[in-house]
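**Q** The structure that follows is given in the form of structure tokens.
The values are calculated or read from the model by the stated rules, or taken from the named source; none is laboratory data. Quick caveat, the model's predicted, so the values are computed rather than measured. Please note: Cβ atoms are built from the backbone with ideal geometry, for glycine as well, and neighbour counts cover all protein chains shown. Heavy atoms of the whole protein, side chains included, go into the accessibility calculation; ligands, DNA and RNA do not. Shrake-Rupley method; radii C 1.70, N 1.55, O 1.52, S 1.80 Å.
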Amino acid sequence: MPLVLTNTLSGRKEPLVARQAGGVRLYWCGVTVYSRSHVGHARALVTADVLCRYLRARGLAVTFVRNFTDIDDKIIRRAAEVGIPAAELAEREIHAFGEDVAWLRCLPPTHEPRATAHIPAMLALIERLIGAGFAYPVADGSVYFRVRRFASYGKLSHRRLDDMETGEEIDAAKESPHDFALWKGAKPGEPSWPSPWGAGRPGWHIECSAMATEYLGQPFEIHGGGSDLVFPHHENEIAQSEADAGVPFADLWVHNGMITRGEEKMSKSLGNILSIADVAARAPAEALRLLFLGTHYRTPLDFSVTRLDESGRALGRLYEALARADEAAGGAPPAIALDGALADPVTGFLAEFCAAMDDDLNAARGLGLVFDRVRELNRLLDAGDRAAATDIRRELAVVGAATGLFAEPPAEFLESVRRRGQERAGLSAAEIESAIAARNDARRRKDFREADAIRERLREQGILLEDGPSGTIWKAG
RNA sequence: GGCGGCGUACCCAAGUGGCUAAGGGAGAGGUCUGCAAAACCUCCAUGCACCGGUUCGAAUCCGGUCGCCGCCUCCA
């Protein structure tokens, strides 16, 4: 059964069909680099990452392009506020983005083009559109797309021009309020590039049309982004690219749902932003990924630190089981090569997992299977069945590779959680160890009152003790 | 006003016509333990916003009502 994805274009689930032998092409809209990325960006990044990972795990080669919008009104405005050139601000934010995306453990795209590095391709596209009557220059050096000339305008967002509300028309130079800028004539002091229509800079949408086509050709298989990009951004990309080439731009349009905070969309204008860096200070990256994966990618997700912490607890349970399995096997975690790891799952758990993921990337259903599998793993470990446990451990590693989960060696993951808890408790490892020694001493003397008091004191500081067959261990609460 | 989506247990959430409505978090009881913790076992929605309808059969399809959200302006 092939993978189906909900195509915004049709509103239905449609099979992914490779147009070329051996692989598919994926373009995902990246970020405008003018401030630190937030949890909403993280969800889009992780959605694309899981899609890309899963496709590769299934044996498809994926050419994955994610762009940087590194010139735009917001960048210019912000740069002016900070008092540095726009290009410098963009550079700085691209670097910060790199840290965030690395923390998220997203696979690097095949290509990560910047708008400002592709101005000639945009100019060429705009010239062709003017030549074909789909665009027109105006007096101030701007060029607009003539929306009414493109008959199927609105097909992605399912709206008709006549039904749309239009805000106040500021730019009287436009023929129609719906026309959008392909090129913006430069105002004094703004960064600009030369063009046949005078100095200016590209409009927002044109970069994706130009870069997607340059790296992927047209048509290509999948174009994605946040659902807030459906209109106007993706609608306009389609208009530009299809008016120019006369063939479809992309086959499948995939959009992830928004992150909300208390039922309201998280956005800068509402001031309810939580940055990726904020989350990183509180939880491991995979806790956030697990939280995302627990809700279908198209559904809005209400983010809260409570839910983040819950996911962190669930993640800890998962890693505990993996660590037990590795310890029982007496070795390092299994090494999994992502490409083709799920190309031919025969039966059982992995086949069920694929069935869930093949159905519009239903990772939430897949996760349910994972938790069931982990319970089985613990059961086998309790029973001392190492061989069967090792098999399951390997399956979980495969699923981990395909979803970006379980990327850390479990022992190291748990150690880092311990270290975090220890720092929070303000105790040194030696202090904890000596408390444990004192408690075990008391236990040997059957002075359980004293032993329990020591344990309780540590618990109040966030350090939990567990007495196991191989002695007493501690972890963070 | 136009378009799209949502309303499932204490919280989150899967589920798109038919076995006992996944899974996670929290909670309760049990096994284990000096006692705990962890792990495991058991329990936790005769019901899926509400009202009608179609059907042998609906959380799932149709109609209506109520509530919530997103897009229509920059937005992942």
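**Q** Mind checking the angle between helix A:448-460 and chain A's longest principal axis? C-alpha axes, 0 to 90 degrees, to the nearest 10.
**A** Between helix and principal axis, roughly 10 degrees.
**Q** Output the Kirkwood hydrodynamic radius of segment A:305-409, Cα pairs only, in Å rounded to one decimal.
**A** Every distinct Cα pair counted, the radius reaches 14.2 Å.
**Q** Quick check: the angle from helix A:204-216's long axis to the longest principal axis of chain A, C-alpha only, nearest 10 degrees?
**A** 70 degrees
**Q** Ranked by accessible surface with a 1.4 Å probe, highest first, in what order do A:Ser227, A:Ser275 come?
**A** Listed by decreasing accessible area, they come as A:Ser227, A:Ser275.
**Q** While we're here: Return the percentage of antiparallel bridges among DSSP beta bridges fully within chain A, rounded to the nearest 5 %.
**A** Just about 50 percent of them are antiparallel.
**Q** Projected area of chain A, taken from the Cα convex hull and averaged over every viewing direction, in nm²?
**A** Answer in nm², one decimal: 26.1.
**Q** Take every Cα pair under 8 Å in chain A that's 6+ residues apart, average their separations, divide by the length, and report that relative contact order as a whole percent.
**A** 17 percent
**Q** Same structure, new question: Taking chain A as the reference, fit the longest principal axis to its C-alpha atoms, fit the long axis of helix A:305-329 to the helix C-alpha atoms, and give the angle between the two in degrees, 0 to 90, nearest 10.
**A** 60 degrees
**Q** I'd like the antiparallel share, as a percent to the nearest 5, of DSSP beta bridges with both residues in segment A:1-139.
**A** Bridges in segment A:1-139 that DSSP calls antiparallel: roughly 35 percent.
**Q** Restricting to Cα pairs below 8 Å that are 6+ residues apart, what does the relative contact order work out to for segment A:305-409? Please round to a whole percent.
**A** For segment A:305-409, the relative contact order is 36 percent.
**Q** In addition: Could you tally the net charge around A:Pro334, taking each other residue with its Cβ under 12 Å from the Cβ of A:Pro334, Lys/Arg +1 and Asp/Glu -1?
**A** Value of the local net charge: -1.
**Q** Let me ask something else about it. By the scheme Lys and Arg +1, Asp and Glu -1, what is the net charge of all other residues having a beta-carbon under 15 Å from that of A:Arg365?
**A** -2
**Q** Based solely on its DSSP helices, what 222 nm [θ] is calculated for chain A when runs of n ≥ 4 H residues each add -39,500 (n - 2.57) and the sum is averaged over all residues, nearest 500 deg cm²/dmol?
**A** -15000 deg cm²/dmol
**Q** Given Cα pairs under 8 Å that are at least 6 residues apart, what percent is the relative contact order of segment A:345-477?
**A** In percent, rounded to a whole number, it is 15.
**Q** What translational diffusion coefficient, in µm²/s and rounded to a whole number, does the Stokes-Einstein relation yield for segment A:4-270 at 37 °C and a viscosity of 0.692 mPa s, taking the hydrodynamic radius as the Kirkwood radius over Cα pairs?
**A** Translational D for this selection: 170 µm²/s.
**Q** Skip the ligands, DNA and RNA, and give the accessible area per residue of chain A with a 1.4 Å probe, whole Å².
**A** That works out to 45 Å² for each residue.
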